[in-house]
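For reference, the structure discussed in these notes is given below.
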Amino acid sequence: MPSSNIDGNEKEKSAVVYDSNSSKPNLKGDWLNFFLLLLLYTMQGFPLGLTSAIPILLQSQNDVSYQDQALFSLAAWPFSLKLLWAPLVDALYIQRIGRRKSWLIPVQYLMGTCFLYMANDIDDLLPNTGTPNIMVLMCMFFISNFLAATQDIVVDSWALTMLKKNNVGHASTCNTTGQAIGVMLGSVFPILFASEDFCNKYLRDTPSTGGLMTMKSILYVWGLIFICVTTLIAIFKKEKDCRLEVDHVKLNVVENYTLLCDIIKLPSIRILAIALLTAKVGFSVTDTVTYLELVDAGVSIADITVINTAMFVVRILIPLVTAKYTSGPKPMSIYLKSTAIKLIWSLTFILLVYFTPKLIMEDGVINIPMYYYATLILILFVDEILSYIMFVAVLSFFSRISDPRFGGTYITFLNTVTNLGATWTSTVALGVIDLLTFKKCSFDSDNYCSTDDYKNECEAIGGDCVTTVDGFYLGTLLSVTFGFAWYGCFKNIIRKLQTKGSSHWMVNIKPSITENI
């Protein structure tokens, strides 16, 4: 079975590989591969954007409950579960077709076919009036996201060998920019360009019925795009023979799943995993709760949606602008600098949330001045820039340290750890805010409204449960304090990790296995 012990000869090989990796990035001769990866990640982002648009469209239906929304949310699960089948993608392939094309071609054909099939039924499943079929919608989008998650595994691992060794850091640029473009196309078109009100207000001189396009036409167009692009890739894109790759090893399915254990056994990986699982605690409250606090204060959901849509420009451009720095040999130095600045910037959200009611209320009526919008956009803009710089930097680091022989399993593991670090901190942040919030009945100073019974008693005497301490402020201070403690603890550790040779990240395979391949 695979083992993480590395002998002296293999360390020398690994050191050579690391030296080539650390040379200066230069996309000359790699531009076509760069744009192909950008296109593939854009195609991957489209179903994600479409999935995020459906809940908004469902919410416009009067007969859709939060339970229906919860049911449809299951469609997004495949991206959190893809580690379960990543070893299969690494282990099973047809050599004649190519290790990555063996999966990419059928998966993308299936995605195109899936969109064409959905286009035929979408008007019945998601009618303008009447009850949508939530269960069938969830199943269809679950399948499309399952295929997109599989494509993600394939493209992430192919990027490690498609680009030259000194350019693998640019894979994160393709990933973040491409996905942002795809998500924007998948969410903006169904919501805005299919909206009669939006098109009549902003895009037409003369009002007309319906939007510029329908969900049906959007799905048809993208179904054809997937099929045409996949056909061109199948015909014209040649994949490097994986047997020519450095230290090529072919593992069976069982060995690939065992490989996960061997990856975890690597000392550097264990340290990195602990850092990634706790890195988002410092921003958990501001990233998760700020928008909810603003809506509670009176900022409309429509305003928040428009601002979020504008932030796609940041998500698309930042990876391109910062590629020169994040694709270098020390991307985690950029990550650490951005982390420190973002922790300090998180404190501005306390001021934003505190002053929002005072700035947008005039004689008890919401009247939001333009300078408030400018301030809100500035604060969110800076925060988005810092977040995406961190995101691109850490993905660039993953591309550099992932063992290309087992790229699908390796980089999927790292991405899954990162996603878990964001997921559990967000969940905890939402739960902690209520615990840190203190209220008191306006007519009974001894009633702290701590339970539903106390709240009912307060309402029975005509009082209101007034917030005396907002958990957002205390939660933000606690999370940022933890963030600075994390920064002090892991700063030097992470800097040291990024300077280690690839021998610290590569998984060794016992000779008994390699000799039989």
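The values are calculated or read from the model by the stated rules, or taken from the named source; none is laboratory data. Everything numeric in this text was worked out from a predicted model, so none of it was measured. Neighbour counts run over all protein chains shown; Cβ positions are idealised from the backbone, glycine included. Just so you know, the surface numbers come from the protein's heavy atoms only, side chains and all, with ligands and any DNA or RNA stripped out. Shrake-Rupley method; radii C 1.70, N 1.55, O 1.52, S 1.80 Å.
Tabulated data for the structure shown
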read-out: Scan of the range 81-116 for residues that are within 26 Å of M215 (Cβ to Cβ) and in contact (Cβ under 8 Å) with a residue 40 or more places away in the chain, ordered by number; value: V107, Q108, Y109, M111, G112, T113, C114, F115, L116
read-out: Enumeration of residues in the range 293-320 that are open to solvent by less than 40 Å² (accessible area, probe 1.4 Å), assigned to a helix (DSSP H, G or I) and not acidic (D, E); value: L294, A297, I304, I307, F312, V314, I316, I318, P319
read-out: Unmet criterion (only one of (1) in contact with an Asp or Glu (Cβ under 9 Å, 6 or more places away or on another chain); (2) among the hydrophobic types (A, V, I, L, M, F, W, C); (3) more than 18 Å from D156 (Cα to Cα)) for F406; value: (3)
read-out: Of all residues making up the range 215-226, the number that are in contact (Cβ under 8 Å) with a residue 40 or more places away in the chain and open to solvent by 50 Å² or more (accessible area, probe 1.4 Å); value: 4
read-out: Residue match in the range 23-43 (condition: surrounded by fewer than 17 Cβ atoms within 10 Å (Cβ to Cβ), in a loop (DSSP other than H, G, I, E, B) and either hydroxyl-bearing (S, T, Y) or at pLDDT below 60 (or both)); value: yes
read-out: Contacts under 7 angstrom Cβ, first residue in the range 469-489 being more than 18 Å from E293 (Cα to Cα), partner of a type in the set (V, I, T), 6 or more apart; value: F482/V281; G483/V281; W486/T278; W486/V281; Y487/T339
read-out: Unmet requirement for V253, which otherwise passes all of (1) touching a residue at least 60 places away in the same chain (Cβ under 8 Å); (2) open to solvent by less than 30 Å² (accessible area, probe 1.4 Å); value: (2)
read-out: Filtered residue count, the range 113-133, keeping only those that are in a helix (DSSP H, G or I), more than 18 Å from P78 (Cα to Cα) and not aromatic (F, W, Y); value: 10
read-out: Qualifying residue in the range 352-364 (condition: out of contact with any Ser or Thr (no Cβ under 6 Å at 6 or more places or on another chain), on the phi > 0 side of the Ramachandran plot and either modelled with pLDDT of 85 or more or of a type outside the set (F, W, Y) (or both)); value: yes
read-out: Residue in the range 321-344 that is within 18 Å of the chain's Cα centre (by Cα), in a helix (DSSP H, G or I) and surrounded by fewer than 18 Cβ atoms within 10 Å (Cβ to Cβ) present; value: no
read-out: Failed item in (1) open to solvent by 30 Å² or more (accessible area, probe 1.4 Å); (2) touching a residue at least 24 places away in the same chain (Cβ under 8 Å); (3) more than 17 Å from the chain's Cα centre (by Cα), with D287 passing the rest; value: (3)
read-out: Answer residue from the range 141-156, given it is closer than 30 Å to G210 by Cβ and touching a Phe, Trp or Tyr at 6+ places or on another chain (Cβ under 8 Å) and is most open to solvent (accessible area, probe 1.4 Å) among those; value: F142
read-out: Any hit, the range 440-462, residues being touching a residue at least 24 places away in the same chain (Cβ under 8 Å), outside any loop (DSSP other than H, G, I, E, B) and either crowded, with 16+ Cβ neighbours inside 10 Å or not charged (D, E, K, R) (or both); value: yes
read-out: Checking T425 against (1) open to solvent by 20 Å² or more (accessible area, probe 1.4 Å); (2) under 30 Å from V469 (Cβ atoms); (3) of a type outside the set (F, W, Y), the condition it does not meet; value: (1)
read-out: Qualifying residue in the range 174-191 (condition: over 26 Å from L126 (Cβ atoms), of a type in the set (A, V, I, L, M, F, W, C) and either assigned to a helix (DSSP H, G or I) or under 23 Å from the mean Cα position of the chain (by Cα) (or both)); value: yes
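Condition check ((1) in a helix (DSSP H, G or I); (2) open to solvent by 90 Å² or more (accessible area, probe 1.4 Å); (3) under 21 Å from V295 (Cβ atoms); (4) not aliphatic (A, V, I, L, M)) across all residues:
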residue	(1), (2), (3), (4)
K358	yes, yes, yes, yes
T375	yes, no, yes, yes
F381	yes, no, yes, yes
F391	yes, no, no, yes
F406	yes, no, no, yes
